Amino acid sequence: MTKFILSILKLFVLLIIVAAVMDVVYTYVYTNMANTTKFHFIKKQTNRKFDCVFLGSSRVINHINCHIIDSVLHVNSVNFGIMDAQPKDILTILKLLKQYNIESKTVFIQTDYYYNSESKSKFLFVDLLPFIRENEIIKRYFQDEKDFMWLYYMPFYRYCKYDSKLGIREVFASFFKKNKYEKTKGFEPIFGFGNKWKRSLPLKINKKNRYNKEITSLVKKSDHDCIFFIAPFRNDTKNLEFISSLKQQYTNLWDFSKSIQDSSKFKNGYHLNSIGADEFSIQLANKIKFYKK
């Protein structure tokens, strides 16, 4: 019986050692060698200076062509939009800009129906997992998770749980894939039109959203300008009066929600296609030009 227990203990110790080694290998690849995700692109800008940084969800990443912004304004801008980004994600990226010494004269934050959300982007969540032990900002991002202790302390647990996104295939693929955002400065256009998927905006404002409060507090203390804006919606979007309530939450909110009326320039109810994105980028650049004067 004693030999059996010792054998089980040895096997357990061996599994922990193997898991720890695998954890170190995977983490090293994802944090030092891979350059495939939007977060990798953001982190690669460490110690760089920009004139304009754009933050937000897919309504930033798919809408703001920084090459157009640069051309119109003769500046250096970058699109740090992240798919499905919500206030918690935007707050985290804002903090990481300072952590990574990424400077900007002006930060532009897109806000909309996600104003009410206290959830997170499933895309940024996975992107940040390999970096969970890198600094306190990223650690705090995960602390609300029910299995945080396992994610943070258990070797290789996070890679096993999210194997479809962080598994062995992705590790090998990271050696060959290039970051698609390098050439586009973070912009990712979408194509086509006519999608009937509509967006219905919330009926009420969530004034108690803790992440929005912290974002507001953080930008007030920052040494750069911060401007909030709303990207265009297709004209069949429901409850657009929500935007009037949203304007009351900010001292200065640039409203482009109705700035593009041609439905052929939308992929769906709340995403512009590549043609619409280029037009909106020109509108935004001209607004910035007027604001700077």
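The values are calculated or read from the model by the stated rules, or taken from the named source; none is laboratory data. Only a predicted model underlies this, so the values are computations on that prediction, with no experimental measurement involved. Please note: Cβ atoms are built from the backbone with ideal geometry, for glycine as well, and neighbour counts cover all protein chains shown. When the accessible area is computed, the model is the full protein with side chains, heavy atoms only, and any ligands, DNA or RNA have been set aside. Shrake-Rupley method; radii C 1.70, N 1.55, O 1.52, S 1.80 Å.
Values as computed for the structure displayed
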read-out	value
Test result for Ile90, in a loop (DSSP other than H, G, I, E, B), among the β-branched types (Val, Ile, Thr) and closer than 28 Å to Val29 by Cα	no
Residue selected from the stretch 88-99 under the condition open to solvent by less than 20 Å² (accessible area, probe 1.4 Å) and not hydroxyl-bearing (Ser, Thr, Tyr), by the criterion nearest to Leu124 (Cα to Cα)	Asp89
Meets criteria (farther than 23 Å from Leu94 by Cα and among the basic types (Lys, Arg)) for Lys220	no
Residue check for Glu134: farther than 24 Å from Val25 by Cα and either without any contact (Cβ under 8 Å) to a residue 12 or more places away in the chain or open to solvent by 40 Å² or more (accessible area, probe 1.4 Å) (or both)	no
The stretch 109-121 residues that are under 23 Å from Arg234 (Cα atoms), paired with ones that are among the polar types (S, T, N, Q) and part of a helix (DSSP H, G or I) (beta carbon under 8 Å, 6 or more apart)	Tyr115/Asn212
Test: residue in the stretch 31-43 that is more than 30 Å from Ile215 (Cα to Cα) and assigned to a helix (DSSP H, G or I)	yes
Candidates Asp225, Asp255, filtered to the one that is open to solvent by 60 Å² or more (accessible area, probe 1.4 Å), touching a strand residue (DSSP E or B) at 6+ places or on another chain (Cβ under 7 Å) and touching a residue at least 60 places away in the same chain (Cβ under 8 Å)	Asp225
Residue list for the stretch 64-87, filter: out of contact with any Ser or Thr (no Cβ under 7 Å at 6 or more places or on another chain), open to solvent by 10 Å² or more (accessible area, probe 1.4 Å) and outside any helix (DSSP H, G or I)	His74, Val75, Asn76
Considering residues of the stretch 50-60 that are in contact with an Asp or Glu (Cβ under 9 Å, 6 or more places away or on another chain) and part of a helix (DSSP H, G or I) only, the residue surrounded by the fewest Cβ atoms within 10 Å (Cβ to Cβ)	Ser58
Test result for Ser119, open to solvent by 40 Å² or more (accessible area, probe 1.4 Å), part of a loop (DSSP other than H, G, I, E, B) and at negative phi	yes
Which numbered condition Thr106 fails, given (1) hydroxyl-bearing (Ser, Thr, Tyr); (2) in contact with a Cys (Cβ under 9 Å, 6 or more places away or on another chain); (3) buried (at least 21 other Cβ atoms within 10 Å of the Cβ)	(3)
Flag for Gly186 being assigned to a loop (DSSP other than H, G, I, E, B) and closer than 15 Å to Asn62 by Cα	yes
Lone qualifier among Asn47, Asn32 - being open to solvent by 10 Å² or more (accessible area, probe 1.4 Å), on the phi < 0 side of the Ramachandran plot and out of contact with any Cys (no Cβ under 7 Å at 6 or more places or on another chain)	Asn32
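Quick grid of which residues meet (1) modelled with pLDDT under 95; (2) within 28 Å of Tyr114 (Cα to Cα); (3) of a type outside the set (A, V, I, L, M); (4) more than 12 Å from the chain's Cα centre (by Cα):
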site	(1), (2), (3), (4)
Leu11	yes, no, no, yes
Leu14	yes, no, no, yes
Thr27	no, no, yes, yes
Lys38	no, yes, yes, no
Lys44	no, yes, yes, yes
Phe54	no, yes, yes, no
